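Written below as structure tokens is the structure these notes are about.
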Amino acid sequence: MKKIIKRVGNKELQYVKEVLATNFRTSAGCNMIGRFEEAFAKKFGAKFAVAHVNGTCTLHSALYAAGVKPGDEVIVPPLTMASTTMAVLQQDAIPIFADVIEDTFVINPASIEKLITPRTKAIITVALYGLAPDLDAIMKIARKHNLLVIEDNAQCFLGKYKNQLVGNIGDFASFSFQNSKHMSSGEGGVVLTDRREFAEKLRKFSVLGYAAVSAKKGKIAKNDIQNPNYDRHVSLGYNYRMPELCAAVALGQLEHLEELVQRRIDAANLFLKPMKGISWLKPQQTPAGCRNSYWSLAVRLVHPRIKWADFRKKFMEFGGDGIYAAWKLTYLEPMFQRLDFSGKEIVINKLYQGQLQEYKRGLCPVAEKVQPQILAFKTNYWDWRKALKQAEILKKTIKFYDQR
Ligand SMILES: Cc1ncc(COP(=O)(O)O)c(C=O)c1O
């Protein structure tokens, strides 16, 4: 029997206490953000980490640092949480939706390449449900067309692509520490990059354009501002800084990230067992050499008669914990259908001389087929007995339907 994991352990508490003991005095010397950034960068083999307050503003900062200007195009997948696309709009840029691959649900490099125009500046890839897309192919396309790649790894921690840790393959990698993620600080996020000039831009953009902050320095010291003539703000920035308390929790989480991730992988593998040989359940495929970190276990229900809602209802009737649906494709969300970008549509309309994609059914046929089929199972079972119980319930549900 696997042990019960404490999702939030003693280290988190210890580091939080260290922050509180400073009374939040700038001069008290607490630099939890710096400690966290150094540890996170080291873990993923990156040169720079810039902590943020969530995993949406990380993408916004990364787009800015990548040189994406208002009116530029950025290629994104539509099958993902909408933040991936919202960040593009926040930068007054144009999201261009590329289709996904049916078996893996992640962005299709062939679809990306077809969409590149002279206005394309960047690609945001998403490691959906914990599985990275074909990053080698995407990097090759990006280099050929002089584009930068931002990995959105909000759902992928310690995943592998061709036996390489996911998080330092693109030009930037963004992570989220929102509650549901592999590691969490309640809210939070970080961007990794290997290039100092990008890290400088990430920092300035995320810390109000302060002159005193830099690639490895997120904290403004008292001495920095003790001069009435001091020029504080060298560029427009946002206040996207991670709070010290969040950094304390994130540092603690990072120190036992392996067990947090492994538990999700173990739970996914446990739930995959009763699905083996069931032709109407098609789990997200993990290509050879890749490691899916299973933020959730996503499975396509392709039975001609069993309805998504009925399967979920039966599973819950038997005591199942509930099953999540995949997000609506971003371009089918009301904000796209109504073109309500909170006023940004005016800026975009003025700047963008090209033909916008038509945000209609048919834009990304594979994603449109896959999205309504996805059953996403929870994998965060810290108490293994609960996972075993859920696996039994799943087996019973499958048997119930397989006999008809
Ligand atoms: C793929 C993806 N990108 C971005 C985000 C945004 O992260 P946050 O909630 O920290 O802003 C999330 C999740 O919340 C996500 O799943």
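The values are calculated or read from the model by the stated rules, or taken from the named source; none is laboratory data. All values reported here derive from a predicted model rather than from experimental measurement. When we count neighbours, we look across all protein chains shown, and the Cβ atoms used for this are built from the backbone with ideal geometry, even at glycine.
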Worksheet, complete the sentence: Counted residues in the range 40-64 being away from the ligand (no atom under 14 Å from the Cβ) and touching a residue at least 24 places away in the same chain (Cβ under 8 Å) come to 11
Fill in: Residue check, Gly45 at pLDDT 95 or above, assigned by TED's automatic domain parsing to the domain that holds Gly186 and over 13 Å from the mean Cα position of the chain (by Cα)
yes
Worksheet, complete the sentence: Filtering the range 317-335 for residues that are over 30 Å from Ile96 (Cβ atoms) and out of contact with any strand residue (DSSP E or B) (no Cβ under 8 Å at 6 or more places or on another chain) leaves a count of 4
Response to the item:
Of the listed residues (Ile398, Ile393), the one being at pLDDT 95 or above, of a type outside the set (Asp, Glu) and touching a Pro at 6+ places or on another chain (Cβ under 8 Å) is Ile398
Discussion item. On the basis of being surrounded by 17 or more Cβ atoms within 10 Å (Cβ to Cβ) and either under 23 Å from Ile116 (Cβ atoms) or out of contact with any Phe, Trp or Tyr (no Cβ under 6 Å at 6 or more places or on another chain) (or both), does Asn349 make the cut?
Written reply: no
Worksheet entry | Filter pass, Arg25 being surrounded by fewer than 15 Cβ atoms within 10 Å (Cβ to Cβ), among the basic types (Lys, Arg) and within 17 Å of Pro243 (Cβ to Cβ) | yes
Fill in: Residue match in the range 46-57 (condition: closer than 30 Å to Cys364 by Cβ and either assigned to a helix (DSSP H, G or I) or in contact with a Lys or Arg (Cβ under 7 Å, 6 or more places away or on another chain) (or both))
yes
Worksheet entry | Within the range 181-221, considering residues that are part of a helix (DSSP H, G or I) and aromatic (Phe, Trp, Tyr), the one farthest from Asp231 (Cα to Cα) | Phe198
Worksheet entry | Considering residues of the range 168-180 that are away from the ligand (no atom under 11 Å from the Cβ) and not in a loop (DSSP other than H, G, I, E, B) only, the residue nearest to Ala199 (Cα to Cα) | Phe172
Item to complete: Please find, within the range 65-82, the residue that is nearest to the ligand (Cβ to nearest atom) out of those that are over 20 Å from Lys350 (Cβ atoms) and surrounded by fewer than 24 Cβ atoms within 10 Å (Cβ to Cβ).
Response: Met81
Practice prompt. Out of Val234, Val166, report the one residue that is surrounded by fewer than 24 Cβ atoms within 10 Å (Cβ to Cβ) and in the same structural domain as Lys69 (by TED's automatic domain parsing).
Written response: Val234
Discussion item. If I go through the range 3-41 residue by residue, how many of them are small (Gly, Ala, Ser) and at pLDDT 95 or above?
Written reply: 3
